[in-house]
Amino acid sequence: MPERALTPSVERIVMVAPVDAILQAAQPWPHVRAMVPEDIPWIAAAAWECYPRRTPFDTWDGVVELTQSVFRNEAGEFMPVASPVALTGDEYIAGFVTTVFRCVIKDDLPDCPYILDCIVLPDHRRQGVAAGMLAATARALKAVGEREVALTVYDDNDAAKALYASLGFTEFLRRSASS
């Protein structure tokens, strides 16, 4: 993959939402399936395409390693049932959510399932894909008795912050992107 220019560092916002709030606010995406290891090449390519060139997404090898590490439970116990892959009507992948039972990367995160990634490919944005995948995640988490879910968003990602707020996510903490 070609190298892209690095994006300046900004703050990260950890947000938390009740799964019931997500379920009330979002319509499920009609075509989802659980993420599987065979998705790794596609997930890495989507992360490379969609994430700004910030650590840890600043090199192709780093993105591939991070993607593989999810399936090795290095960020926490991977939850395939709560990690939907959204498909279009003609079976193309439109986006994905990656969820772990409890994130072990930082010790100041809330004690609830944690969404590592919520990515929608550019051609499928603003069509309800992200909200629908988060509804699928919330449904799966509720089925196993979880009441909340957390995620992190960069402070300069206004579209994502607006989506998450509309689904009931509120700020839990802020930290510099380098911490």
In sequence order, calculated HN-Hα J values of region 162-167 (Karplus, 6.51, -1.76, 1.60; Hz; x Gly/Pro) = 5, 4, 4, 4, 5, 9
task = Would you mind getting the accessible area per residue of the chain, heavy atoms of the protein chains only, 1.4 Å probe, in Å²?
result = 49
query = Counting alpha carbon pairs within less than 8 Å and at least 6 residues apart, what relative contact order, in whole percent, applies to the chain?
reply = 37
message = How far apart, in nanometres, would the label points at Lys106 and Ala143 be if each is projected 7 angstrom from Cα along the Cα-to-Cβ direction?
response = 3.0
inquiry  = Could you derive backbone 3J(HN,Hα) for region 141-149 from the dihedral phi with the Karplus parameters 6.51, -1.76 and 1.60 (θ = phi - 60°), listing whole Hz in sequence and x where the residue is Gly or Pro?
reply    = 5, 4, 4, 9, x, 7, 10, 9, 9
message = Taking a virtual spin label 7 Å from the Cα of Val10 along the C-beta vector, which residues in region 150-176 bring their backbone nitrogen under 18 Å of it?
response = 151-166, 170-176
inquiry  = Using a 7 Å offset from the Cα along the Cα-to-Cβ direction at both Leu173 and Gln127, what is the distance between the two label points in nm, to one decimal?
reply    = 3.8
message = With the crude spin-label approximation of a point 7 Å out along Cα→Cβ, what separation in nm comes out for Thr59 versus Arg72?
response = 1.5
ask   = Within the accessible area of region 37-136, what % is carbon and sulfur when the probe is 1.4 Å and the other protein chains stay in place?
value = 53
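The values are calculated or read from the model by the stated rules, or taken from the named source; none is laboratory data. Keep in mind that what you see is a predicted model, and the values were worked out from it rather than measured. Every residue, glycine as well, gets a Cβ built from its backbone with ideal geometry; the counts of neighbours run over all protein chains shown. Each accessible area value is taken on the protein alone, full model and side chains, heavy atoms only, with ligands, DNA and RNA left out. Shrake-Rupley method; radii C 1.70, N 1.55, O 1.52, S 1.80 Å.
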